[in-house]
1. Any idea how many residues of the range 133-142 are over 13 Å from residue 30 (Cα atoms) and under 59 Å from the mean Cα position of the chain (by Cα)?
2. Checking residue 170 against (1) in a helix (DSSP H, G or I); (2) within 30 Å of residue 30 (Cβ to Cβ): exactly one of these is not met. Which one?
3. From the set of residues in the range 72-87 that are part of a loop (DSSP other than H, G, I, E, B) and closer than 15 Å to residue 123 by Cα, which is nearest to the chain's Cα centre (by Cα)?
4. So if I check each of 130, 156, 168, 125, which one is under 23 Å from the mean Cα position of the chain (by Cα) and either free of Cβ contacts under 8 Å to residues at least 60 places away in the same chain or under 30 Å from residue 103 (Cα atoms) (or both)?
5. I'd like to know if the range 57-67 contains one or more residues that are part of a helix (DSSP H, G or I), under 30 Å from residue 142 (Cα atoms) and touching a strand residue (DSSP E or B) at 6+ places or on another chain (Cβ under 8 Å).
6. Does residue 56 satisfy the criteria of being more than 60 Å from the chain's Cα centre (by Cα), assigned by TED's automatic domain parsing to the domain that holds residue 24, more than 30 Å from residue 24 (Cβ to Cβ) and surrounded by fewer than 16 Cβ atoms within 10 Å (Cβ to Cβ)?
7. I need a count of the residues in the range 174-192 that are within 13 Å of the chain's Cα centre (by Cα) and in a loop (DSSP other than H, G, I, E, B).
8. Scan (1) crowded, with 16+ Cβ neighbours inside 10 Å; (2) without any contact (Cβ under 8 Å) to a residue 40 or more places away in the chain; (3) in contact with a helix residue (DSSP H, G or I) (Cβ under 8 Å, 6 or more places away or on another chain) for the single condition residue 293 breaks and write down its number.
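The values are calculated or read from the model by the stated rules, or taken from the named source; none is laboratory data. From a predicted model like this one, the values you see are computed outputs, not experimental measurements. Cβ placement follows ideal geometry from the backbone for every residue including glycine, while neighbour counts extend to all protein chains displayed.
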């Protein structure tokens, strides 16, 4: 990239120099020739003072030498040279001057100017001033050399500027490449450096946002992987118990046992699918009726609570709006964690209450009649606590956080109460 930037800048500089230098050289050449003509005309006009009022065959005039190795000659009305240096007889330029016209032209090797000498409205003679073309060409050559030198200097400056610009552009891009490489190797804490170049900084911002999103996704997957085993224990345990019970006391009709095992296998499969959706962040989100979610959780857990001879009650505040914006899959897993903990570690009646939140949204509370949390209640959602209700709560907290919700321990016990607050 750096050679291309340098070549582009130098190429643009060369085009700019050429676009300026060529017209300038042509203009300076024209100006040099015009200056030569003007200088010769002045010299001829100054010499007209030396001409008497009448020029005859006997008239001999002494003329000054031109400073630029040129020739100055005077001709009578017959076109014969009467003084100075030049052709013996008048050429076309002198003839036009004798006709009363100041004019100029070019011979093979000189620039020639003809100036008439007028006395009393009558042309009595004409001057011919000539200068070698090489004098003007030498001046034009020097001007062209100067232009070329300035062009080379401008190109050299453009090359230096190109080196600086290419370095300034490629340096932050190399740093971006290094940051992208580190991100590709799993360093999600990498942050791309800023260069002060708007477009490059936009890429750096996009890279940083990607690092944050990928880091969050990987961290969420790690968290879910670390706690997913808890969610799988319940259907696996139910499946194992059903198989062991059938092995110990086979029933006359094996189809019933097979149906029970198949139901537990379906539950296990559904749990795995839900956890994979949540881990990948692809679970659908939208308006959710918490009444339906609570009733579905009651149906899933009714048999397990009934097997333990423990009531599971659901209370819904009919006067409250129980709609929330979240993922049904995530809410189902959160409630499964809370109800599973209440079943395994709680006691007595378990009550699930759905009501409106204090600032809009909705709240789902799960309460049982057990002894509650032992140990530090502040760490219950970060690591398994000792005693009841310790397992699965970090997963529930992570799921709620991903949904913009919150799981809180309202009462540590006795009669512990957990609340899920949704926006």
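1. 2
2. (2)
3. Kept after step one, since they are part of a loop (DSSP other than H, G, I, E, B), are these residues of the range 72-87: 77-79, 85-87.
Adding the requirement that they be closer than 15 Å to residue 123 by Cα leaves 77-79.
Numbers: 77: 83, 78: 85, 79: 81 Å.
Only one residue tops the list, namely 79.
4. On the way: 130 fails: under 23 Å from the mean Cα position of the chain (by Cα); 156 fails: under 23 Å from the mean Cα position of the chain (by Cα); 125 fails: under 23 Å from the mean Cα position of the chain (by Cα).
Result: 168 is the single residue among 130, 156, 168, 125 that is under 23 Å from the mean Cα position of the chain (by Cα) and either free of Cβ contacts under 8 Å to residues at least 60 places away in the same chain or under 30 Å from residue 103 (Cα atoms) (or both).
5. Of the residues in the range 57-67, the ones part of a helix (DSSP H, G or I) are none.
No, the conditions are met nowhere in the range 57-67.
6. Numbers: more than 60 Å from the chain's Cα centre (by Cα): yes; assigned by TED's automatic domain parsing to the domain that holds residue 24: yes; more than 30 Å from residue 24 (Cβ to Cβ): yes; surrounded by fewer than 16 Cβ atoms within 10 Å (Cβ to Cβ): yes.
So residue 56 fits the description; yes.
7. The initial filter retains those residues of the range 174-192 that are within 13 Å of the chain's Cα centre (by Cα), namely 176, 192.
Subset that is in a loop (DSSP other than H, G, I, E, B): 192.
Result for the range 174-192: 1.
8. Condition not satisfied by residue 293: (2).
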